[in-house]
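Below you'll find the structure, written out as structure tokens, and then a few comments.
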Amino acid sequence: MAKWLRAYGDREGDGMVQMTFTLAILPGDRAREAAKRFAEAHGLKDPLVTTMEQCSQQHTYFVAYGHSAHQIDVDTIDIAELAAKPLSREQIEAMGKELGRKIVVVGACTGSDAHTVGIDAILNYKGFAGEKGLESYKCFDAHNLGAQVENVELAERAKALGADAILVSQVITQRNCHKENAAALIDLLKKQGVRDKFLLLLGGPRIDNKLALELGYEGGFGPGTKPSMVAAFVAEEVIRRARGKQVDPRR
């Protein structure tokens, strides 16, 4: 049986949605009517223009509110969800104690990409969204190599440090360079015969778990990812792998 979802405005399933957009016209009655017709052209019925503010010498910013007839069948959605449970800092630290050593993580923004905001948010002590990064955890030994790190350099540092996990951040996406560069690291590690030694994670504004898996990574993290989400995923997977390598003494 289909499970349909419609937008929620004043009551469940009323289909009310809000649109924001900018048009090259100055505020006024003509501009308001233009915004209304623009919203109607996008499928809103009886739209109300609630905001009309000039944002440049030639442009106006609008907010329109109206009824949308569209609905989504949730049961038809098939995505590769990230198999990571939310864990508290205490739970993550406890998992690290079970391992008996620190979990070594190496991260970088690779290729020509010079944007470190993503990798900094996850690894650096200051963290993101009220959460401290992996550097603040006692169970992690986190190494942030920064920006514009070539895949060869990242691989060599990971091997030298005995890394458990490699975190790759890709922000620049012109001509799908983020895909090419991320896939190139996987190919490099395979050629060196060390691919299976590392847990590989990919992050960035146009990254999701499905894309990361397709490129050969164990997990993908998109916009809004908090340090605890990455910490939990890494800790759980490293512990799982460590348990798998333990030899049963009864054999």
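Under 18 Å from the 7 Å Cα→Cβ point of Glu153, by amide nitrogen: which residues of region 184-201? Counting only backbone N, you get 184-186, 188-189.
Applying the criteria of a DSSP loop state and at most 14 other Cβ atoms within 10 Å to the GluC sites (Glu not before Pro) of region 1-73 yields Glu12. Over region 28-174, the hull volume per residue, using the convex hull of the C-alpha atoms, is 218 Å³. From the list (1) 115; (2) 203; (3) 169, can you say which value of volume of the Cα convex hull per residue in Å³ was derived from the structure given? Matching the structure shown: (2). Which residue fluctuates the most in the chain, going by a Gaussian network model with Cα springs under 10 Å, if the choices are Glu236, Glu98, Glu135? Fluctuation is largest for Glu98.
Can you tell me which of Ile186, Ile239, Ile25 moves the most in a GNM of the chain? Springs connect C-alpha atoms under 10 Å apart. Result: Ile25 has the largest fluctuation of those listed. Please list, in order, the residues from region 123-161 whose amide nitrogen is less than 20 Å from a point placed 7 Å along the Cα→Cβ vector of Glu93. The answer is 123-143.
Extension gain for the segment Leu161 to Arg195, taken as residue separation times 0.36 nm less the Cα-Cα distance, is 10.7 nm to one decimal. Note on the chain: helix-only mean residue ellipticity at 222 nm, from DSSP H runs of 4+ residues weighted -39500 (n - 2.57) and normalised by residue number, equals -10000 deg cm²/dmol. Extension gain for Ala129-Glu40 works out to 28.4 nm (0.36 nm per residue, less the C-alpha to C-alpha distance). Within the set Lys179/Lys226; Lys36/Lys210; Lys97/Lys159; Lys132/Lys190; Lys138/Lys190; Lys126/Lys190, which residue pairs have Cα atoms separated by over 27 Å? Pairs exceeding the cut-off: Lys36/Lys210; Lys132/Lys190; Lys138/Lys190; Lys126/Lys190. What the Cβ-Cβ distance of Asp187 and Leu48 gives, at R0 = 45 Å and to the nearest 0.05, is a FRET efficiency of 0.25. For region 2-46, the list of trypsin sites (Lys or Arg not before Pro) that fall in a loop by DSSP and count at most 14 other C-beta atoms within 10 angstrom reads Lys3, Arg11. For region 143-240, rounded, prolate or oblate, judged on the Cα gyration tensor with a ≥ b ≥ c (square roots of eigenvalues), a/c < 1.5 rounded, else prolate if a/b > b/c? It is rounded, given that a/c, with a ≥ b ≥ c, falls under 1.5.
In terms of the Cα gyration tensor, with a ≥ b ≥ c the square roots of its eigenvalues, is region 1-94 rounded because a/c is under 1.5, prolate because a/b exceeds b/c, or oblate? It comes out oblate by the Cα gyration axes. Relative to the longest principal axis of the Cα atoms of the chain, helix 29-41 runs at roughly 60 degrees.
Computed over the chain with a Gaussian network model linking Cα atoms closer than 10 Å, the most mobile of Ala64, Ala165, Ala155 is Ala64.
We did not get these values from a lab; they are worked out from the coordinates using the rules stated. Note that the structure is predicted; figures quoted are calculated from it, not measured. When we count neighbours, we look across all protein chains shown, and the Cβ atoms used for this are built from the backbone with ideal geometry, even at glycine.
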